[in-house]
Amino acid sequence: MKKNIGSALALYPTPVTVIGAMNGENPTWTLVAHIGIIGHDRVLVSLAAPHHINHLIKEGNKLSINIVDEKILPKADSEVFDFELGEEGTPIIKEAPLAIECKVEDIYNTQNFESFICSISGTYVEEEHLNEEGKVNYNTLKPVLFEFPTYEYLKTGEVIGKCLSFKE
Ligand SMILES: Cc1cc2nc3c(=O)[nH]c(=O)nc-3n(C[C@H](O)[C@H](O)[C@H](O)COP(=O)(O)O)c2cc1C
């Protein structure tokens, strides 16, 4: 028998990202792991309402999502990065293996949180992490994962099978 531990946040692990928005000429960064995918053309970024970055995102109506890998994890907490601007003007972390430029389409409000529902304007990937078909190779990219209950980072990268290949 499984034990019911009540209403717990247990949908982990999730990828660790650094969300970026411009504040005039300078970027602002926030480490965020409560992110998700909606349908096939929207992503979600969930931010505590008091964060400084929220009003910058609303001002520009855009943000960047920078994937954290093991290489940049030690830097991720510092929130200081070399950056370049993407085509839509969001800050892209130079050392991040993959970054997504997003346009804010909607904001879903819950108590003390604003979840930004975004469309995807562009996806910037280090070429070494693209396979022959031009698809992102997460086997080499290895995003770092996060889980809230014990506040730890987890590793990714190992392939355990092709999807839909486990049928008898
Ligand atoms: C691993 C990790 C994951 C985090 N995930 C989120 C998140 O999903 N949403 C959020 O609002 N804050 C998250 N935070 C907290 C923010 O990164 C942190 O509070 C913020 O950078 C402080 O910004 P402020 O000074 O504007 O409040 C996370 C922090 C860590 C260390």
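Under a Cβ-only charge scheme (Lys and Arg +1, Asp and Glu -1), can you give me the dipole magnitude of region 1-137 about the Cα centre, in debye to the nearest 20?
Working: 10 positive and 21 negative charges, 171 e Å.
So the magnitude is around 820 debye.
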* **Radius of gyration and Dmax over the Cα atoms of region 14-154, both given in Å** => 14.3, 45
* Asked: Alpha carbon centre of region 1-19 versus region 26-75: separation in Å?
  -> 19
* Remind me, relative contact order of the chain in percent, using alpha carbon pairs under 8 angstrom and six or more residues apart? -> 23
* Extreme residue, positive dipole direction of region 14-154, given options Leu141, Asn66, Ala49 (C-beta unit charges) -> Ala49
* Rank by packing, highest mean first: peptides 104-113, 67-76, 120-129, with packing defined as the count of other Cβ atoms within 10 Å averaged across residues. => 67-76, 120-129, 104-113
* Asked: Say we join alpha carbon atoms closer than 10 Å with springs in a Gaussian network model of the chain; which of Lys135, Lys62, Lys94 then has the biggest fluctuation?
  -> Lys135
* **222 nm mean residue ellipticity, helices alone, for the chain (DSSP H n ≥ 4; -39,500 (n - 2.57); rounded to 500)** => -2000 deg cm²/dmol
* Asked: Can you list the lysines whose alpha carbon is less than 18 Å from that of Lys58, not counting same-chain residues fewer than 8 positions off?
  -> Lys103
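So if each residue of separation counts as 0.36 nm, and I subtract the Cα-Cα distance between Leu73 and Glu59, what length gain in nm does that give?
On the way: separation 14, 0.36 × 14 = 5.04 nm, distance 2.85 nm.
Extra length available between Leu73 and Glu59 comes to 2.2 nm.
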* Could you list, in their original order, any pairs among Lys62/Lys162; Lys62/Lys155; Lys142/Lys162; Lys75/Lys155; Lys2/Lys162; Lys94/Lys142 whose Cα atoms are separated by more than 25 Å? => Lys62/Lys162; Lys62/Lys155; Lys2/Lys162
* Structure fact -> Counting only backbone N atoms under 14 Å from a point 7 Å out along Cα-to-Cβ of Leu154, the residues of region 85-115 in range are none
* Structure fact -> Restricting to Cα pairs under 8 Å and 6 or more apart, the percent relative contact order of region 115-168 works out to 21
* Structure fact -> Within the chain, cysteines having no neighbouring cysteine beta carbon under 4.7 Å are Cys163
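Read-outs throughout are calculated quantities, based only on the coordinates presented, and are distinct from any laboratory measurement. This structure is a prediction, so every number in the text was calculated from the model and none was measured. Positions of Cβ are backbone-derived with ideal geometry, glycine not excepted, and every protein chain shown enters the neighbour counts.
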